[in-house]
Structures are given as structure tokens and as C-alpha cells.
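Right, one structure below, let's go through it.
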Amino acid sequence: MAAVIEISGLRKTYRSMRRGVRLALDGFDMAVEAGEVHGFLGPNGSGKTTTLRTLLGLVRPDAGQLVLFGREVPTALPQMIDRVGAIVESPQFFANFSGRRTLRLLATTGGLPDARVDEVLEQVGLRDRADDRVKAYSLGMKQRLAVASALLKAPELLILDEPANGLDPAGIREMRDLMRGLADSGVTVLVSSHILAEIELICDAVTIISRGRRVVAGPVADVLSRFDKGEFRVRVFDHVRAAGIIAESGLPVTVHDDHFVVGDLADPAWITETLAAHQLWVAELTPLTPDLESVFLQLTGTVPEPGKRHQVDDSVLPPAPRRPDADENELTVTAAEPEVTP
Amino acid sequence: MNRPTVNLVRAELHRLLARRFTQVVFVLMLAAFGITFATTVASTHTPTRAELVAAEQAADLQREYLRTAIVQCEERRAEALRTGNARFAEDCRSLDPNRVRLEDFLDGVFVFGESAGDLVYFLAAFLALFGLLVGASYVGAELTSGGMTNLLLWRPRREVVLGTKLGTLLGTVGAISVASIVAYVGGFWLLAEAAGLPGNLDAQFWTQLGLLCLRAWLLALVFTTLGFCLATLGRHTAAALGVFAAYLVLWEIGARIVLNVIRWPRAETLMFSNYVGAWLAKRITVYDLCALDGCAPYQLTLWHAAGVFAVLLALIAGAAFVSFRRRDMS
């Protein structure tokens, strides 16, 4: 697959009289392949929105290379923009305009027919509230309107920053189906979200960022498998005796109130066979595969700890990317292979 | 213009006219015009035959008085010149009996030829204020609401977007100003015809009035551009209005007092308001407090004003476009 987005060595520093200098992106790399749903994850203030804004020409990078559909941006952005639909953070609209009028203005700007407005209103579920003023919309409805504005162009690449913000459970489900449907029809979707369960369900690949640097990138399954310790939860009538039997084989065992967990297990059938040999019949044998949330918290160093309050800049600072032959402003290409920086 | 630019202009025009602030300020301006018009209607009447005869007699008396006064004035002037007191020689040209008009002796009668200039000054002030407010809020609200960011996701060429916005704004304010001028001047002319006196409306009058209206129209566009560019620089409507208010209080009032106290030479040339006055009146004579120390009064003309406007607009608009092109959009 060809990469739709390629970002390498992206640096951005914000300077202000009051807050001084803040490094938002520090040699960040990312690649998004065509047709995939790509999750973009990171703690608050880690540089996600800055990355997306830079990609869309809203923020000027200090250094690095951004390539969209094979062409460098922001130079070629005016030629590429018709292929990109985007919402960045929570977009604001004029409160006194109706949803339909808001979209019609954008459609006029883009030279699109009004019929397209009706299509996207239907698509995001706002058809019956299209003529209400935006100020009467709930947060979730405003978010749907924002997504509708991003869909107006029938884009090949959809960039969504926190699209599930304020959506009700049905809305989240609809958003998931929408993204999956778009990806199935060939649209590439780059989505930033903190609802990690959703990301795990819909994304083909993820990139995790912390303090402006890439922590990990790759297919979701690959990222999760790196944290798979081969653990299984075992429920059995006399679980303490059963745990002792399994422990005799040298496998790590942790005993809980009504079950035990065994790790480093290659073949779960061995548990059944071993315990059956001791007249212990297994009631439950569940693989404990890591979920994206636990992996995210671990990778970014934001696992909640009793009595400790994490601050926004307390996340992990990954090592700086090594670019032996590149100076700060030189264009670089980073291999998009999965890598984990614990 | 190519099609994408036409689409952008259409969208911007729609956005500008649909904004409530634009509509409210427009209605307030119409209300101000309406009050002025209504007040004039209430205070004028068609002169009766008797009033006209009485006014003509009073005018004749005044002309006769001036003819005598001119003779006496010329005698005093000749005497002053003969005795070497040239600086006390009177200027007798102001005593011109041909300038005495019947309308000067009619009470409670609106005379269009006499009042049109002052009325256009009033109109110019309102059009300039309208342009400043609408220009500042049009871009200021877009920058603070995220509307500009949304737009840049469709049109990433920032200078084209900002230029189109400014062009659309100037076109709209220009069109509204033209319509206002025509309606305003036409309304008062009709009022004079119906319930007053037209006055001496010769070709020279209409030429001067036309040029004054043109300068009022251009002044509205200058203030519109200033409001738009200041709000772009400050990223907020309030930034433009704040700068304007601060300028008035700190410079036009505060600095004027200080400069006069220290007898700063030609201090009035540093005041923007004087150039606005010179622009409308074509020429103003400025009497600084330094005149007490013997310095002569001086004049500011519309060409001085045109130069100041051009430099100010170039600096502020240039800064606004450069800043907008380079800044990070939040």
C-alpha cells in the first residue's frame, strides 16, 4: 500500500512572552497507509493536534517533512486540499446560522452543489435538525455537524480530531460504523481519540505520541502482541491446589480470590490436560490479551497510581529519534516499521 | 476572476450579510439617518409669499449696508498702507454683497444648498463608523470563533482568503455607502423641494457636493480597511476597537494636551483627526498654541490627508497580511 501521509522529523516550538518556549513536536515521525483507519493517540498536550494542524497548513513547522498523497505540504496543499476533509479539535460555528446554512456556505466556498449538503446531513444523522440554529445544538450535534463539514468534499483522506467528543453511545457507535464504512469504500481515515476501546475496534494501525515524540507505531495487532505475556485466567473448583500443581512446572502463577493467572503459556491445552490428570476440571480458561488502553497507559507512563496525580507533562519522554546524517532542517524518511520504546 | 475565487466571494458575501452584527449596525446607521431626516422635516416649512418678500427686503438692506461698509473698509485699508501699517490693513473681500442670499433671512426653512455640505459631513462620520465596526467584527469574529480555521481547511492560500474577505467587505461597504449617499442626499433634496428651498444649485454646487460625497465614500473605505486590518493583527474585534479608543483618548486628547503644554511645533500635524477634517473640507487652517509665541497658522490640505491615509493603510494592511500569512492558527 502507498502511504497517504508521511511525516518525518517534524519539529515545532511555540514561543510566547508569557509562557516562554515550549517544544510541542520533537522529530516526530508518522506514516498512514492508503485505505486504513489509523489511530493517533497520545496524552493531553503530547502534540497530536499540533501535528494535525501542521499537516493541514494551519501551523508552520520549524523543521521536518510532511508529505500528503506523495506531494510535499504545505507547498502543495492548495492542490491537495480538495482531497482532504478534516475537523481539528472542536470546531466552532456561527451560533445564529442553521446547520444547513453553515454547510451550504462551505459548499459554496468549495463550489459543491447544495445536494451534497443534504447527503452529508443524512449521513451524520442531522437531517431532521438541519434547519435549527447551531446554538440550539447539543455538543454531540455540533460534533456531527463538524464531521458533516469534513465529509462535504467526499474526501479521499479524512482527518478527525476527537470526533466522538460529546457523542452519546449511539452516536459513538454510528461514528465507528461511519469510519469503518468510509475505510471500506477506500477512504483513508486518520483519527485522534481518547476513547481507546473505540480505536482498538476500528483502527487498522496506530501511532502513539508522547511529549512530541513517537512512542510506537504499527498495526494494532502487532502493537498489542508485543505486550502479550501469554497469560491465561484459570477458574477451577480448588484453584489454590490447581495453582500449586501448575507452579510446579516452573510457570509464573498468581493466585487470586477465586481464580489464578498463569503466564508464559504457549499452549493452553496443556493446562486442561495437566489439571484433568489431577481430577481438577477447568471451568474457565481465558487468554489475558492486553487491550489498547493498558498498552497506551504503560507506553506513555500515565498508569494511574494511588495517591499520585499525574500532570499533563508527566508522560514518558521517548528517546530522540536518531538521524545520524541529518541536521535539523534536512528532509528525512523514517521507516514505518513497528517499534516499541518501553 | 476564476471560478474558485467567485465561489469564495459568493460565500463571503453571504457570510457578511448574514451576520447579525452587520445587520444591527446597518439598522442603527439607518436609524441615525432617519432621526436626522425626521428632525429636519419637523423643523422646516415651505416659506409663505409674505416670508419671501420680507426676506428679500432684508437681503436688499444687507446688500446696501455691505456696499457702504466696503467703501469705508477700502478707505481704512488705503490709510493703513499709506502710513506703513500694512499688518493692520483689512481684507475687504469678505464684504461681498453678492454673497447675500434671500435664504439667509428665512427662519425655520431648510435650504438644501446651504445645508448639504454639513449634512454630508454627518453622513461621512456615520459611514466611517459603520465601516470600522463592520470591518473589525467581520474578521475578528471569524478569527475567534474558528470560522477562519474552517475556511482555511477549504482554501489554504491565506493571502487569497484574507484578500478576498477584505475585497468583499470593501465592495459591500462601498455599495452600501453609495446607496446611503444617494438616498441621503436625494432625500434631503426632495425635502427641500417639498417643504423648504433648494437654494442656489448651480453646476459648481453639484460638482463640489459630488466631490465631497466621493471623499466621504473613500473615507468610509479607509476606516473599513483600518478596522479590518487592526482586528486581523489583534486577532479580535475588540483589538481594533480598543486600539481606536485608546488612540482617541491617549493621543488625540492626552498627547494633544502635553504637546501644547510644551509648545511642540506644529503639534496638530500629528493628529489623525485633522487629516480627516482636511480630507473632507479640502483645506483646514490650524492654529497651534504656539501661535501665542508668534508662530504662524498653517494649512493641511486633502493632499496631505491623502498621503497620510496612503502611508497608514500601506503600513497597517501590509502588517496584517504578513502577520496573517505567517501566524499559527489556533
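Where a number appears in this text, it was derived from the coordinates with a stated rule and is not lab data. Everything quoted here is computed from the prediction, not taken from an experiment. Glycine gets a Cβ as well: all are built from the backbone with ideal geometry, and neighbour counts include every protein chain shown.
As a calculated quantity, the FRET efficiency between B:F37 and A:Q79 at R0 = 45 Å, using C-beta atoms, amounts to about 0.25.
Taking Lys and Arg as +1 and Asp and Glu as -1, the other residues whose beta-carbon sits under 14 Å from that of B:A216 total +1.
In this rough spin-label picture, where each label sits 7 Å from Cα along the Cβ direction, the B:L211-B:A18 distance is 4.4 nm.
Candidate membrane-span-like segments in chain B, meaning DSSP H helices with Cα atoms spread over at least 24 Å of their own axis and a Kyte-Doolittle mean of 1.6 or above, are B:20-42, with no membrane implied. Using the Cβ-Cβ distance between A:D228 and A:R133 with R0 set to 56 Å, the FRET efficiency works out to roughly 0.65. With a Förster radius of 30 Å, plug the Cβ-Cβ distance of B:V160 and B:V249 into 1/(1 + (r/R0)^6) and report the FRET value to the nearest 0.05. Step by step, r from the Cβ atoms, then E = 0.25. Projecting the Cα atoms of B:V6, B:Y65, B:L166 onto the charge dipole of chain B, computed from C-beta unit charges around the Cα centre, puts B:V6 farthest toward the positive end. Shape verdict for chain B, please, from the Cα gyration tensor: rounded (a/c under 1.5), prolate (a/b greater than b/c) or oblate. Judged from the Cα gyration tensor, chain B comes out oblate (a/c at least 1.5, b/c at or above a/b). The length gained by stretching the chain between B:Y298 and B:Q72 to full extension, at 0.36 nm per residue less their Cα-Cα distance, is 78.4 nm. How far apart, in nanometres, would the label points at B:R325 and B:D96 be if each is projected 7 angstrom from Cα along the Cα-to-Cβ direction? So the two model labels end up 5.2 nm from each other. Stretching A:D204 away from A:R15 to a fully extended chain increases their span by 64.4 nm, per 0.36 nm per residue minus the current alpha-carbon distance. Under the combined filter of DSSP loop state and at most 10 neighbouring Cβ atoms within 10 Å, segment A:1-66 retains these trypsin sites (Lys or Arg not before Pro): A:R18, A:R19. Give the percent of DSSP beta bridges with both residues in segment A:3-225 that are antiparallel, rounded to the nearest 5. Looking only at bridges with both residues in segment A:3-225, the antiparallel portion is about 60 percent.
Remark: spin-label model distance A:R241-B:A306 equals 10.9 nm, labels positioned 7 Å along the Cα→Cβ axis. For q values of 0.07 Å⁻¹, compute log₁₀ I(q)/I(0) with the Debye formula on a Cα-only model of the protein assembly as shown, without solvent. Normalising to I(0) and taking log10 leaves -0.68.
Sites listed here are GluC sites (Glu not before Pro) in segment A:210-293 whose DSSP assignment is loop and whose Cβ has at most 10 other Cβ atoms within 10 Å: A:E248. Considering only alpha-carbon pairs that sit under 8 angstrom and 6 or more positions apart, the relative contact order computed for segment B:230-330 is 25 percent.
Centre-to-centre, using Cα atoms only, segment A:279-318 and segment B:252-329 are separated by 68 Å. For segment A:3-225, the relative contact order is 29 percent, taking Cα pairs closer than 8 Å that sit 6 or more residues apart in sequence and dividing their mean separation by the residue count. To the nearest Å, what is the center-to-center distance of segment B:31-59 and segment A:43-92, using C-alpha atoms only? About 67 Å separates the Cα centre of segment B:31-59 from the one of segment A:43-92. For chain B, what relative contact order do you get, as a whole percent, if you take Cα pairs closer than 8 Å and at least 6 residues apart? Answer for chain B is 20 percent.
Estimated from helical segments only, the mean residue ellipticity of chain B at 222 nm is -24500 deg cm²/dmol, where each DSSP H run of four or more residues counts as -39500 (n - 2.57). Average 1/r across all pairs of distinct alpha carbons in segment B:1-132, invert it, and you get the Kirkwood radius: 20.3 Å.
The alpha carbons of segment B:78-181 occupy a box of 81, 41, 19 Å along the principal axes, longest dimension given first. Please say if segment A:232-287 is rounded, prolate or oblate, where rounded means a/c under 1.5 for a ≥ b ≥ c the square roots of the C-alpha gyration tensor eigenvalues, and otherwise the choice is prolate for a/b larger than b/c and oblate otherwise? Note, shape of segment A:232-287 comes out rounded. The region of chain A that goes longest without hitting one of the chymotrypsin sites (Phe, Trp or Tyr not before Pro) in a DSSP loop, each with at most 14 other Cβ atoms within 10 Å, is A:1-236. Magnitude of the charge dipole for the protein assembly as shown, about its Cα centre and with charges confined to Cβ atoms of Lys, Arg (+1) and Asp, Glu (-1), is about 2080 debye.
The share of C-alpha pairs in chain A whose separation exceeds 31 Å stands at 44 percent. Counting only DSSP beta bridges with both residues in the protein assembly as shown, the antiparallel share comes to about 70 percent.
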